[in-house]
């Protein structure tokens, strides 16, 4: 306890004793050799004595943004002549080492350090660089000594792994405690004090520490800044404890930056040699695709055709390296009848079973399937043939007509005959009214070899809605096939040692306005999309869906089956990007997303400004960012917002 005289002396010296009483350690404080012990816990000070030789951007965040720590960062000026003198001494020593060290590696290292110091000295002499003295202490806290030792050990190892060396001075913990309240010059007056580290001011500026929330994915690209000013460097293909798949869903009102966000992602992925596919409408992506020497294919039949009768590789074995011919064919059969169902939504599932048997017989008669093919899987060789080897819809129509004329009507009920007539009407329409897009062999060439390829869906917009959606679905299946083939190729190359994990070429599919293909009227398509999304991670592929509102995907009249499947789509999209949405969709959002966002964040969705995005990367891993395209990017992105 202080006596009255001591109290008056401290007051005269300017101490606010009332304030000190409020903030002082409760229960007192003592200083054993290796730590500080207070009434509310135990502490230790890690003193940084060597920085990383090649600091990364925002390197101070690595030091200052650790849990259960407070960091004291002292910055002091340094005499120019003194630093040049120190550099001169160091260069003389390195010059000697470059000549006298025993190994070539040691001599080369000395030469490299000599040149680095030489450049540094020149920058100081020319006034391009100003050096500062830096002293960094990290105060670690824990409840017990055992916990403290673990925290200090873990932090020291973590810092060492990033090139930072630190020490906890034995017998100096009281001095380290006082240093928290002292200026750098006051610290230097203490007995046994050590000078800080000389650091170029440019390195200090690049170490900006107030990067409280940030994302720095390995191999990622800069998308924007968090609301605390941290960089958001995102890699859709990064795998973490919470991020296990590569697909994403973007929701946002028109004009709020949805297109710009997608293009930032696409351009970043293009720079990483990603194979990119997508749908182009209203020339929204045209300028960007041109800048990347990409291709845009017209789906109206003017520039080529995708044969609906050509089975594609869509399924592999468990290894991902061998195409499963049987199941790829069965998937093709299901896909063909899904296209038919686009044109005749009333078609019954039970009738598709009958029509599927007719298709099997057709491929057997064409020589593409063996008899009893399900029991003779090794004899199936129907995938990957030349396009000329496959039949057309017109040939299939002839086969169906002959099948019906051979007494089919006499063998079935009136109801089944009506369904068959409806089926014949659909395939007749595919051959005649829409023959330019359905009836013919595939004529698109080398589309697998294109780095960037988008399908122009604007030119099919004048077709009936059913045909329009059917063509989208057809193109989507082509994309899935290309994703599988690329994934299989990368997997084999990786396992053979031909490439490293860093050299894997990923695959990205951009599907804007995805409500065109995912709707309550096409539950069968949603089921297939769910199936593909489950497979995409295995093939190093991701789908990037986007739409204007969750109500586009979840209208109030949705069936329970559809809601269940569309929720699976959301769940399989590991990343969610939310731009401004109308306040009226808040309940729909909660219905689809559950507890991914807090109540406050759901409310914030209606208040977001253009370019502001709330990002969820799994669990409660949320970020609020502002996209940050530069002026050159905005020129390339012209056409959408």
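The values are calculated or read from the model by the stated rules, or taken from the named source; none is laboratory data. Not measured: the values here are computed from a predicted model. Cβ sites come from the backbone with ideal geometry, for glycine too, and all protein chains shown count toward neighbours.
Based on this model, can you work out whether residue 313 counts as touching a strand residue (DSSP E or B) at 6+ places or on another chain (Cβ under 9 Å) and either at pLDDT 90 or above or farther than 17 Å from residue 428 by Cβ (or both)? So that I can check it myself, show each step before the final result.
Working: touching a strand residue (DSSP E or B) at 6+ places or on another chain (Cβ under 9 Å): yes; either at pLDDT 90 or above or farther than 17 Å from residue 428 by Cβ (or both): yes.
Against the criterion (touching a strand residue (DSSP E or B) at 6+ places or on another chain (Cβ under 9 Å) and either at pLDDT 90 or above or farther than 17 Å from residue 428 by Cβ (or both)), residue 313 qualifies.
Here are 124, 136, 223, 239: which of them is more than 24 Å from residue 54 (Cβ to Cβ) and touching a helix residue (DSSP H, G or I) at 6+ places or on another chain (Cβ under 7 Å)?
223
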Can you pull out the residues in the stretch 50-96 that are surrounded by 16 or more Cβ atoms within 10 Å (Cβ to Cβ) and without any contact (Cβ under 8 Å) to a residue 60 or more places away in the chain?
87, 91, 94
Could you identify the single residue in 233, 138, 223 that is buried (at least 16 other Cβ atoms within 10 Å of the Cβ) and more than 30 Å from residue 626 (Cα to Cα)?
138
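Matching residues to (1) touching a strand residue (DSSP E or B) at 6+ places or on another chain (Cβ under 7 Å); (2) at pLDDT below 90; (3) surrounded by 22 or more Cβ atoms within 10 Å (Cβ to Cβ):
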{"site": "542", "(1), (2), (3)": "yes, no, yes"}
{"site": "551", "(1), (2), (3)": "no, yes, no"}
{"site": "559", "(1), (2), (3)": "no, yes, no"}
{"site": "566", "(1), (2), (3)": "no, yes, yes"}
{"site": "570", "(1), (2), (3)": "yes, yes, no"}
{"site": "579", "(1), (2), (3)": "yes, no, yes"}
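Test of understanding: among 551, 633, which residue is closer than 29 Å to residue 268 by Cβ and assigned to a helix (DSSP H, G or I)? It would help to see each step written out before you state the result.
Working: 551 fails: closer than 29 Å to residue 268 by Cβ.
When all the criteria are applied, what remains is 633.
Go through the residues of the stretch 184-196 one by one and say whether even a single one is under 43 Å from the mean Cα position of the chain (by Cα) and either in the same structural domain as residue 91 (by TED's automatic domain parsing) or without any contact (Cβ under 8 Å) to a residue 12 or more places away in the chain (or both).
Step one: list which residues in the stretch 184-196 are under 43 Å from the mean Cα position of the chain (by Cα), which gives 196.
Filter once more, keeping what is either in the same structural domain as residue 91 (by TED's automatic domain parsing) or without any contact (Cβ under 8 Å) to a residue 12 or more places away in the chain (or both): 196.
Looking for residues that are under 43 Å from the mean Cα position of the chain (by Cα) and either in the same structural domain as residue 91 (by TED's automatic domain parsing) or without any contact (Cβ under 8 Å) to a residue 12 or more places away in the chain (or both), one finds at least one in the stretch 184-196, hence yes.
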Looking at the stretch 65-85 only, could you name the residues that are under 16 Å from residue 196 (Cβ atoms) and either under 35 Å from the mean Cα position of the chain (by Cα) or outside the structural domain of residue 177 (by TED's automatic domain parsing) (or both)?
71, 72, 73
Test residue 479 against the stated conditions and say whether it is crowded, with 20+ Cβ neighbours inside 10 Å, out of contact with any helix residue (DSSP H, G or I) (no Cβ under 9 Å at 6 or more places or on another chain) and either without any contact (Cβ under 8 Å) to a residue 12 or more places away in the chain or on the phi < 0 side of the Ramachandran plot (or both).
yes
Take the residues in the stretch 178-212 that are under 16 Å from residue 63 (Cβ atoms) and part of a loop (DSSP other than H, G, I, E, B); name whichever of them is modelled with the highest pLDDT.
180
Answer yes if at least one residue in the stretch 309-317 is part of a strand (DSSP E or B), touching a residue at least 60 places away in the same chain (Cβ under 8 Å), assigned by TED's automatic domain parsing to the domain that holds residue 425 and over 21 Å from residue 236 (Cβ atoms), and no otherwise.
yes
Here is a list: 507, 578. Which entry is touching a residue at least 60 places away in the same chain (Cβ under 8 Å) and within 18 Å of residue 477 (Cα to Cα)?
507
Sole miss for residue 60 among (1) within 23 Å of residue 188 (Cβ to Cβ); (2) out of contact with any strand residue (DSSP E or B) (no Cβ under 8 Å at 6 or more places or on another chain) is condition (2)
